[in-house]
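Chemist: Have a look at the structure that comes next, please.
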Amino acid sequence: MQKYWVDSNHRQIQFFRKYANSQGAAVPKDAIFLANISDDGTVSGISALDSDPQNPVIHFFYVAENYRNQGIGSQMIQEIIKASEASGISSLRCILNPNAGLEGFFEKHGFDIFPGESMYNVPFGALYYSENYVKNISRKSPGKAKAISGCSDNELTDLKVFFSDKDLSWDSGYNREVSIVDAEGREVDALMLCSTLKNGISLSYLYSEKNKPASLLMCFRALDKLITADAKDPSTFNINFALGGEKNYEIALMLSGDNMQVEEELEEILAVKTF
């Protein structure tokens with residue numbers, strides 16, 4: 001068997017697009033494909049991804065029934081992960097059909113699984129220029145909240161204990177330059193682990209001692225200072241949530257009010273792997 005990357009210039013691109021469509025997949029027009037071809041020339045596995053190397057999303061992942069349980073899916077996802085790491089991206093996402101039963105497979109390969117109603121993509125411009133954002137966050141003091149990269153050695157030592165207690169990975173899965181903590185000693189009031197995406201920030205973990213969105217306000221203020229410090233046009237930023245849906249919605253409301261522009265994925269499951 002052989003694996004092939006197929007982009008829009010490949011002579012067989014229409015064949016793979018039609019194949020994906022025949023399996024009920026709706027893939028972007030500029031998608032690229034990773035195809036696994038058996039020795040007899042049949043398609044044993046296929047995946048469709050966004051062509052943007054800085055923000056890869058797997059829109060379709062499929063192994064033909066006759067070729068399942070042979071390690072083909074694992075080979076394909078490992079190839080995709082390898083290519084993603086080589087491109088220097090911070091996270092890889094896969095949109096899953098809830099009826100496909102692929103959650104366990106992606107968890108096995110290091111992805112975190114979030115229910116569909118928990119994914120929100122909030123254009124930062126909608127936040128930055130909204131009445132609530134100006135009132136609650138913009139240009140307001142973040143108090144003790146700051147980027148993890150700005151913590152002292154003693155503060156990092158205390159924070160490592162918190163990470164261990166919460167079963168969080170200290171070494172991977174977030175960017176310390178844009179991940180925010182509001183803490184005093186080992187008492188962590190709020191924590192926001194983020195990754196940087198093209199034109200945006202992805203929130204992969206939120207914690208507040210009282211489990212209320214308002215307790216994260218200081219963290220959002222600190223993130224606001226980081227985002228807007230060098231941004232000529234803040235409206236180019238997106239904030240991507242991949243957390244509990246109800247909590248997410250409360251956070252988004254706190255930031256932007258009823259005039260927020262939120263894109264919601266309600267019918268799918270999101271698998272996220274951060275590097």
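Chemist: Could you work out what % of the accessible surface of segment 1-42 is carbon and sulfur, using a 1.4 angstrom probe and leaving DNA, RNA and ligands out of the count?
Modeler: 48
Chemist: Please calculate the 1.4 Å probe accessible area of Glu65, with all protein chains present, and give it to the nearest 10 Å².
Modeler: 140
Chemist: Please list Arg139, Arg186, Arg176, Arg93 in order of solvent-accessible area, largest first, computed with a 1.4 Å probe with all protein chains present.
Modeler: Ranked list, largest accessible area first: Arg139, Arg186, Arg176, Arg93.
Chemist: Would you check the accessible area of Ile46, probe 1.4 Å, heavy atoms only, in square angstrom rounded to 10?
Modeler: The accessible area of Ile46 comes to roughly 0 Å².
Chemist: For Tyr4, Tyr205, what's the largest-to-smallest order of accessible area, 1.4 Å probe?
Modeler: Tyr4, Tyr205
Chemist: May I ask you to rank Ser91, Ser164 by accessible area, largest first, using a 1.4 Å probe over the protein chains only?
Modeler: So the residues, ranked largest to smallest area, are Ser164, Ser91.
Chemist: Give me the accessible area of Ser141, 1.4 Å probe, in Å² rounded to the nearest 10.
Modeler: Here the accessible area works out near 80 Å².
The values are calculated or read from the model by the stated rules, or taken from the named source; none is laboratory data. Since this is a predicted model, take the numbers as computed values, not measurements. When the accessible area is computed, the model is the full protein with side chains, heavy atoms only, and any ligands, DNA or RNA have been set aside. Shrake-Rupley method; radii C 1.70, N 1.55, O 1.52, S 1.80 Å.
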